[in-house]
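Reviewing the structure listed below.
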Amino acid sequence: MADKNNNKKMSVEEAGRKGGETTSRNHDQEFYEEIGKKGGETTSKNHDEEFYEEIGKKGGETRGRQQQNKNNNS
């Protein structure tokens, strides 16, 4: 997909999508497990307990809103 200027340059979004599709074709589940593990280890080295408490709180709030919306739409 070309950008809106029609100069045949690929947008950042399109490049990312194509790169992700290529990566998914070239790698298996083990690859994704390994990079996830490395990312988790790096995150734990760079952040403290407060960081995890905050993201847990945000996740819980989002989950609560989703559940509330689901209940209101039923």
Taking Rh as the Kirkwood radius computed over C-alpha pairs, what is the Stokes-Einstein D of the chain at 10 °C in a medium of viscosity 1.306 mPa s, expressed in µm² per second?
-> 96
Once label points are set 7 Å from the Cα along Cα→Cβ at both His47 and Glu13, what is their separation, rounded to one decimal in nm?
-> 2.6
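Each value in this text was obtained by applying a stated rule to the coordinates, not by laboratory testing. In this text, all values refer to a predicted model and were calculated from it rather than measured experimentally. Cβ atoms come from the backbone with ideal geometry, glycine included; neighbour counts cover every protein chain shown.
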